[in-house]
Every structure is written in C-alpha cells, then in structure tokens.
1. Residues that are more than 13 Å from Glu186 (Cα to Cα), surrounded by 14 or more Cβ atoms within 10 Å (Cβ to Cβ) and at pLDDT below 95: does segment 136-152 have at least one?
2. Restricting attention to segment 366-399, and to residues there that are of a type in the set (Lys, Arg) and surrounded by fewer than 18 Cβ atoms within 10 Å (Cβ to Cβ), which single residue is farthest from Thr320 (Cα to Cα)?
3. Is there a residue in segment 377-397 that is touching a Lys or Arg at 6+ places or on another chain (Cβ under 6 Å) and either outside any strand (DSSP E or B) or more than 28 Å from Leu152 (Cβ to Cβ) (or both)?
4. I'd like to check which strands (runs of 3 or more DSSP E) are fully inside segment 291-363 and have at least 1 residues that are of a type in the set (Lys, Arg) and closer than 25 Å to Pro228 by Cα.
5. Of all the helices (runs of 4 or more DSSP H) wholly in segment 41-128, which have at least 3 residues that are in contact (Cβ under 8 Å) with a residue 60 or more places away in the chain and either out of contact with any helix residue (DSSP H, G or I) (no Cβ under 7 Å at 6 or more places or on another chain) or closer than 30 Å to Phe366 by Cα (or both)?
6. Take segment 166-206 and flag every residue that is in contact with a His (Cβ under 8 Å, 6 or more places away or on another chain) and outside any strand (DSSP E or B).
7. Take the conditions at pLDDT 95 or above, surrounded by 22 or more Cβ atoms within 10 Å (Cβ to Cβ) and at negative phi and apply them to His214. Does it pass?
8. Touching a strand residue (DSSP E or B) at 6+ places or on another chain (Cβ under 8 Å), assigned by TED's automatic domain parsing to the domain that holds Ser223, under 23 Å from Ile283 (Cβ atoms) and surrounded by 13 or more Cβ atoms within 10 Å (Cβ to Cβ), is that true of Ile363?
Amino acid sequence: MGQKKKKLLIVGGGYADIPLIQSAKKLGFYVITTGNRPEDLGHRYSDEYRNVDFSDCEAIYTLAKNLDVSAICPSCNDFAALSATYSAEKLGIPGHDTYQTSKILHHKDEFRRFAMANNIPSPKAIGFDNIKLALEYSDLPTFPVIVKPIDLTGGKGISVVNRKDELIEAVEKAFAVSKNKRIVIEEFISGSRHGFSAFLYKGKVGFYFSDNEHYYLNPYMVSATSTPIIPSRRVDEKLINITERIASLLSLTDGIFHVQYILKDNEPIIIEICRRPPGDLYIKFVEYATKVDYSTWIVKAFTGDDCGEIEHSDTQGFFTRHCIMSSKPGRIKDISFDQSIQKNIINKFTWYKKGDIIENVMINKFGIVFLEFEKHEEMMDKTNNLNELIRVEVDLENK
C-alpha cells in the first residue's frame, strides 16, 4: 500500500482558492476545504469538504484538531487568515505568524496604530469601539475623512465624509457591518492606486510584483489590475524597504506579503496589508505575467516548507486581469466580448448562468478574464474600457 497522504486544510474554498487547492494537491497533500457555503466552486477541486464557518476561529481550530491536519493554508479572505494563524498557533503547526501579529496586519485599527508608532507611511487614523465616542471625538483629521469597519474588504461599510453632519450615518453604517464592532476614521488620501505583492524569505523580499488598480462602479473594490506599473522602479524599491522593515519589526514568517497602496507625489502610502492571497484569481495574474508558480510557493510557505529557491522575475509583457461586472440590475441574458479584444484574451473563467439575477451591481462578479497586450498604451487604453468591451447583457424586464 502507498504511504498515506498528509492532510492540508484550506480555510475556505471559493473560486479564487482553486489555484491553491490545485497546487496543494500537486505537492502531494490530501486537501480539505471549508466554509459555510457548500456551493462555492473551490470545493469541487478538493478531496473533501467540511461545512464550517471559516470566520469562526474556535470552530476552525476544532476542525483542524479533529482532522489531525499537518498544514493549514488560508483562503483569499482576511477572516480565513486570522482563523488559520489562530489554529496553527494553538496546534503548533509551522508556516504562520502569531495570531497577535496577524491581527496587527489584518485589522485596520491595529495596523494604523502600528504604522504611526513605527513611521510606516499610512493614513493618519483613529480607531473606535464605541459609536458614542466616535461621534463625540473632536480631534478628527481635516475633512474629507473615510470611515471604515476594521475587518472587511471590497468596500463593505466604507463611506467618504465631507462634512461633520455626514458623520453619524457613516459611523453607524461601519459599526453595523463590522464583525468585531470596531471602526477607523482616517484621512482621505487621493492619488493613483496600486498593489504590491511580495514573497518573504528569512525577512527579505525574494520576489515581488506590482500592479495598477482599476475601479468600476464601486470606488472601493478593485475591478481590474494591470501590469507593469505606471510608477517608476524607485517606488518598488521603497516598498521593498518598507516590507523588510515590517518583517523585521514583527518577526514575520516566510511567505506572501501583499500591500495595497496609494501613490501620492511619487510616495507610496500603505492602505492595506494582508498575509494571505488576494482574491479574484490574482495569483494566476501574477503567474501569467511573470511565469513564476506563485500559488505553489504560497502553499509551500504555509506548510512550513523551505522557500529559499524562489527567484525574482520581472513582468514579461503587458497583462490585465478583469472582473466581469454589470452596469445595471436584471437577469443575465449573456456576456459579450468585443471583437477588438478577442486576440488579447489568454484565458477566462466564468461561473454565471443565463437567467441569473444580478442582485447588487456594486459587488456581483460573473467571471475573470486574463488578457495580454503588445504595448503599454494598448494595455491601459483597453483596460480602462473593458467594461464596455466585455458587456453583461441584461434582461431589464425580468429583474
């Protein structure tokens, strides 16, 4: 009989986690996915599925303990990252930061405090765990300010406030959706928005990748990314230095270190940091652009395997990852692709069915498209118009 495979628990199982599941199986693991949505597409690719809420740290710890897993890997979700580090710490499983460190990086109020204390470029912010105190606080940054729940992504619960009388509604909205019932009020920073995905090995950046972020109807949820970046390589060098300084301050383990930042006057201002893969098949975007097997390196790091052989690779061409979204509600008739971009499409992954109801145009996505271009100008021009070139055809009469 063959040797029994070691078990790896992926804390999640959405479509964005499919590359992680496939890489884990390629590395020889028996892969178990979890989450409270059995219909999530990633579960079709795993060896086993367990219906457990991955935002519940204790429930994930109990599941991992009962399954006697050898490794834990978070999905593309901050709650999953926290549950993974919590469980790994309690079970003595390698490849993860401490739970306290994970909270510093993934909770917006804790990261803002850490950033201000250590001179990390980030918006000035004040955290609150009490609605009354938030509304009474008078020493706010100059308007406009942005109000956020500390534990959600994709623009959920976020408001830009331009006047004092708008604050009550924004604060109540953020508190209402925050799982931990905490918010931050921070200065509003304007500038171009970008991503920086690094891979740490022994506290140093062994690989990095940069992108331009593009937005559609929702100004706080990325709808597309393109690479190479518009900013100069000097910005990458600054981000490498910041990343390695944070790694030193927090004694970070090997693995992914992903940053969202705003570029203002050629200076990067850190908005978000996570130590789990970004969503919407971002890791496949990195792989298309650099030819680096990013998903496998990410899984290896979370299993405690040695990652010393990872090497940097620059972007090899001009690439875009686009999320298919609709401009209006209704029922999906079809999705059309303009002839002018047919030659640019290198892959697409869709999960819509004709007749599906579009419930919320601000967050609903129906597929991911990867495109390659011949020139930077073509990439930027077509990327900025992809919501017209890739259209969700909607039946408005049958909403």
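1. yes
2. Only one residue fits best here, namely Lys399.
3. Within segment 377-397, one or more residues are touching a Lys or Arg at 6+ places or on another chain (Cβ under 6 Å) and either outside any strand (DSSP E or B) or more than 28 Å from Leu152 (Cβ to Cβ) (or both).
4. 318-323, 345-350
5. Qualifying helices (runs of 4 or more DSSP H): 78-91, 108-117.
6. Asn180, Arg182
7. Against the criterion (at pLDDT 95 or above, surrounded by 22 or more Cβ atoms within 10 Å (Cβ to Cβ) and at negative phi), His214 does not qualify.
8. No; evaluated as a whole, the condition is false for this residue.
The values are calculated or read from the model by the stated rules, or taken from the named source; none is laboratory data. As the structure is a computational prediction, the values presented were derived from the model and not from experiment. Note that each Cβ is placed from the backbone with ideal geometry, even for glycine, and that neighbours are counted across all protein chains shown.
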